[in-house]
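First up is the structure itself, then whatever we jot down about it.
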Amino acid sequence: MTEKEMTVLDLPGVGAATAEKLAESGYDTLMAIAVSTPGELVESAGITETVARKMINAARNELKMGFESGEQVLKRRERVIKVSTGSENFNKLLGGGFETGAIIECFGEYGSGKTQIGHILSVSAIKANPDASVIYIDTENTFRPERIIELANGAKVDPQKVLKQLKVARAYNSDHQLLLADKVEELIKENKLNVTVLIIDSLTAHFRAEFVGRGTLAERQQKINKHMHTLLRLADTHNLCVYVTNQVMHDPAQFFGDPTKAVGGNIVAHASTFRIYLRKGKKGSRVAKLVDSPNLPDGECNFFVETEGLRDV
Ligand code: GTP
Ligand code: MG
């Protein structure tokens, strides 16, 4: 680090006007620029690609974003917060809970509990840290403050506090959803929010409804890719637990085992740090199966969704 900390204005090719345009699009820190793509900067500040590349490189150099030792990575992992699900089994499956700095995807059929988990994480994050906020992007109109009150009472945390610190937006279509995700940065900064969890419920429903037919697949995937990129950057720069839900569709090519697969294909699968498959189990229970994780073994657990929260089987 230099004596005086470097700002966006110190980057090559950035004058006051450019800095302002960049800031308007959320690129107001070196980190935001360092993890952006040249295309994004070109679009937001109207600069050339060459200038954008130089800026990104300078920001990366300043932040020493090359290789680091495993020890340093471990040190950085200390900031990770694990948000409890209220179910001991489920927490154990995830190495302690839904972690920050990651995208966690739950996919499963209707009624499998994806939305319930979003509500539970909201309550749990604020219970663990009374200063925390949660941002909820609701695409299916299934966010219910009444449900938050029930779960907060179940978790013995003040429901009014949780409702106050939950910022909810309804996304009316996929473009609106992308726009809201882009606005999260601004929301955090302007209100100086200490956000632990960002929820997108559902990540894929609008895309699935709007882009029908083979001819639209490429465009759809491109948009989802951009969305995932935004979410990854948010998870990284603000140490957020990004919880996304996803539906499943019938896969006729699968003859053996479970004939369902997640919507969104490889793009969503690869961008998600942890992937959990939810399904209905025996006697009204739910089964969560960890299908992808960077550091945990695959496994399963069972629990019940109840009025007060999750209960272990
Ligand atoms: P889709 O969004 O339709 O794909 O489903 P989802 O996976 O989001 O399902 P969701 O999380 O909405 O789960 C709904 C189920 O949770 C219900 O069918 C109930 O079984 C259960 N549930 C929801 N609220 C309550 C509650 O207050 N008490 C109890 N006991 N169960 C509840
Ligand atoms: Mg739902």
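The values are calculated or read from the model by the stated rules, or taken from the named source; none is laboratory data. Please read these numbers as outputs of a predicted model, since none were measured by experiment. In this analysis, Cβ positions are derived from the backbone assuming ideal geometry, glycine residues included, and neighbour counts consider all displayed protein chains. Note: areas computed on protein heavy atoms with side chains; ligands, DNA, RNA excluded. Shrake-Rupley method; radii C 1.70, N 1.55, O 1.52, S 1.80 Å.
Among LEU203, ILE33, LEU178, which residue has its Cα furthest toward the positive end of the charge dipole of the chain, with +1 on Lys/Arg Cβ and -1 on Asp/Glu Cβ?
LEU203
List the aspartates and glutamates whose alpha-carbon lies under 16 Å from that of LYS82, not counting same-chain residues fewer than 8 positions away?
GLU99, GLU105, ASP131, ASP236
So for region 76-312, Kirkwood radius off the Cα pairs, Stokes-Einstein at 37 °C and 0.692 mPa s: how many µm² s⁻¹?
Taking Rh from Cα pairs, D becomes 184 µm²/s.
Please compute the length gained on full extension between ARG170 and LYS4, using 0.36 nm multiplied by the number of residues separating them and subtracting their Cα-Cα distance.
That works out to 55.6 nm of additional length.
Using R₀ = 41 Å, calculate the FRET efficiency as 1/(1 + (r/R₀)^6) where r is the Cβ-Cβ separation of LYS156 and LEU63; round to 0.05.
In this case the efficiency is close to 0.50.
Which order do peptides 226-234, 112-120 fall in by mean Cβ count within 10 Å, highest first?
In decreasing order of mean packing, 226-234, 112-120 become 112-120, 226-234.
Would you kindly give the portion of the calculated P(r) for region 8-62 that falls above 14 Å, as a percent of all Cα pairs?
39
What spacing in nm lies between the two simple spin-label points modelled at ARG144 and THR216, each 7 Å away from Cα in the Cβ direction?
3.0
Cα to Cα, under 13 Å, and not fewer than 8 places away if on the same chain: which aspartates and glutamates meet these conditions relative to LYS4?
Leaving aside aspartates and glutamates fewer than 8 places away in the same chain, those within reach of LYS4 are GLU62.
Once the whole set of protein chains is in place, how much accessible area is left on ILE56, using a 1.4 Å probe, in Å² to the nearest 10?
Surface open to solvent at ILE56 totals about 10 Å².
In region 11-48, which residues have a backbone nitrogen under 16 Å from the label point lying 7 Å from GLU186's Cα in the Cα-to-Cβ direction?
Counting backbone N atoms under 16 Å from the label point, the list is 20-29, 44-45.
Scan region 248-313 for chymotrypsin sites (Phe, Trp or Tyr not before Pro) in coil per DSSP, keeping those whose Cβ has at most 13 other Cβ atoms within 10 Å, and list them by number.
Hits after loop and neighbour filter: PHE255, PHE256.
Could you work out the Rg to Rh ratio of region 1-126, with Rh taken as the Kirkwood radius (inverse of the mean 1/r over all Cα pairs)?
The Rg/Rh ratio comes out at 1.12.
Hey, any idea what % of region 148-275's accessible area is carbon plus sulfur with a 1.4 Å probe?
Its accessible area is 54 percent carbon and sulfur atoms.
Is the shape of region 137-214 best called rounded, prolate or oblate, per the rule: a/c under 1.5 gives rounded, else a/b larger than b/c gives prolate, else oblate, with a ≥ b ≥ c the square roots of the Cα gyration tensor eigenvalues?
oblate
In the structure displayed, which of LYS114/LYS282; LYS223/LYS289; LYS127/LYS183 lie more than 22 Å apart, Cα to Cα?
The answer is LYS223/LYS289; LYS127/LYS183.
Taking K and R as +1 and D and E as -1, what net charge do the other residues with C-beta under 14 Å from the C-beta of LYS226 add up to?
-2
If I take the Cα coordinates of region 224-301 and project them onto the principal axes, what are the three extents in Å, biggest first?
Projected onto the principal axes, the Cα atoms of region 224-301 cover 40, 27, 22 Å.
Mind checking the per residue accessible area of region 76-312 for me, 1.4 Å probe, whole number of Å²?
Per residue, region 76-312 has 47 Å² of solvent-accessible surface.
Considering only PHE67, PHE211, PHE98, give the residue with the highest GNM mean-square fluctuation for the chain, with springs between Cα atoms whenever their separation is below 10 Å.
Ranking PHE67, PHE211, PHE98 by mean-square fluctuation puts PHE67 first.
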